[in-house]
Amino acid sequence: MHNAGISRRAMFGVGTALAMGFLAGCSVAQGDSAAPQVQDDIAPVRPISNVIPPPPVSPAAVAARHAGARPQSWGVELAGITSSFPVSGKQFALTFDACGGPGNSEIDQALIDLLTAEQIPATLFLNKRWVDADPARVRRLAANPLFELANHGSAHKPLSVSGRSVYRVAGTASAEEAAYEVWDNHQRIIELTGRAPRFFRAGTAHYDEVAVAVVHELGEIPLGFTVNADFGATASAAQVQRAMSAATPGGIALAHMHRPRSGTAAGMAAALPALRAAGFTFVHL
């Protein structure tokens with residue numbers, strides 16, 4: 001979290017490929033005194049950097065490492081999926097999925113306006129189909145510092161290496177398909193915003209353990225949830241408010257932002273001020 005400080009190196013050990021975004025250069029203080037002159041017979045000392053750029057990520061290589069793997073686990077709560085975070089006080093994180101595809105490429109503008117008016121940060125998980133339906137909309141969201149854009153896959157499939165399905169939605173059928181379900185949208189978000197997404201959530205939020213490893217090796221963190229706030233944007237406003245009342249410090253809410261006629265915005269409008277009144281603060285992942 002920006003305020004809570006998840007350490008990807010500490011939590012997942014994914015190395016310098018994930019840490020590069022946090023490196024900052026040091027500036028030299030400027031004073032009035034003149035710099036000492038270098039004697040003619042002494043060569044100036046050149047600083048030596050020991051920071052080695054990480055190798056580029058290859059989705060084909062990641063897929064090849066897991067080709068033929070037989071997963072043993074399946075679900076929304078597996079090792080390697082982040083579903084909560086270390087807290088400082090009563091902090092809570094909001095995430096909203098935009099699923100895309102036929103009938104799912106609108107935006108719940110009332111929800112976005114609510115978050116903006118109340119200055120509530122959120123992580124927005126965008127599917128590539130939703131992104132491609134209106135790239136200018138994505139750029140506008142990316143320009144709002146309240147929002148961090150994250151990866152919700154390319155075809156909104158459960159992430160599997162064996163075609164596992166859930167809710168009658170077929171998952172990716174191989175390690176290769178899983179890798180490109182992540183990578184194609186990863187690249188698309190970079191193309192539009194200039195920033196790589198840090199987090200990934202599969203369609204339906206389901207994974208097998210091999211697919212979880214694939215996500216990590218591609219440089220993203222699989223994100224789960226602790227509060228299912230709107231049940232796939234099918235809940236009424238009262239149901240959303242009731243679900244959000246179960247928020248606990250360090251928790252992550254999952255809701256949706258692509259169905260403007262759902263109860264999500266109205267439910268959040270009732271729930272979020274109540275949580276603030278109870279001492280909660282909202283933070284970025």
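The values are calculated or read from the model by the stated rules, or taken from the named source; none is laboratory data. Keep in mind that what you see is a predicted model, and the values were worked out from it rather than measured. All Cβ positions, glycine included, derive from the backbone under ideal geometry; neighbour counts span all protein chains shown. Accessible surface areas use protein heavy atoms only, side chains included; no ligands, DNA or RNA. Shrake-Rupley method; radii C 1.70, N 1.55, O 1.52, S 1.80 Å.
A few remarks follow.
- A Förster distance of 30 Å, applied to the separation of the beta-carbon atoms of Gln72 and Glu106, puts the FRET efficiency at 0.20.
- With a cut-off of 13 Å between beta carbons, the residues surrounding Thr204 carry a summed charge of +1, where Lys and Arg count +1 and Asp and Glu -1.
- Surface share of carbon and sulfur [accessible, 1.4 angstrom probe, percent] for segment 60-186: 50
- Extension gain, Ala143-Glu191: 0.36 nm per intervening residue step, less the Cα-Cα distance, totals 15.9 nm.
- Modelled this way, with points 7 Å down the Cα-to-C-beta line, the labels at Ser236 and Asp113 are 2.4 nm from one another.
- Spacing of the modelled spin labels on Ala270 and Arg168, each 7 Å from Cα toward Cβ, amounts to 3.0 nm.
- Note on segment 137-240: with charges restricted to the Cβ of Lys and Arg (+1) and Asp and Glu (-1), its dipole about the Cα centre is near 460 debye.
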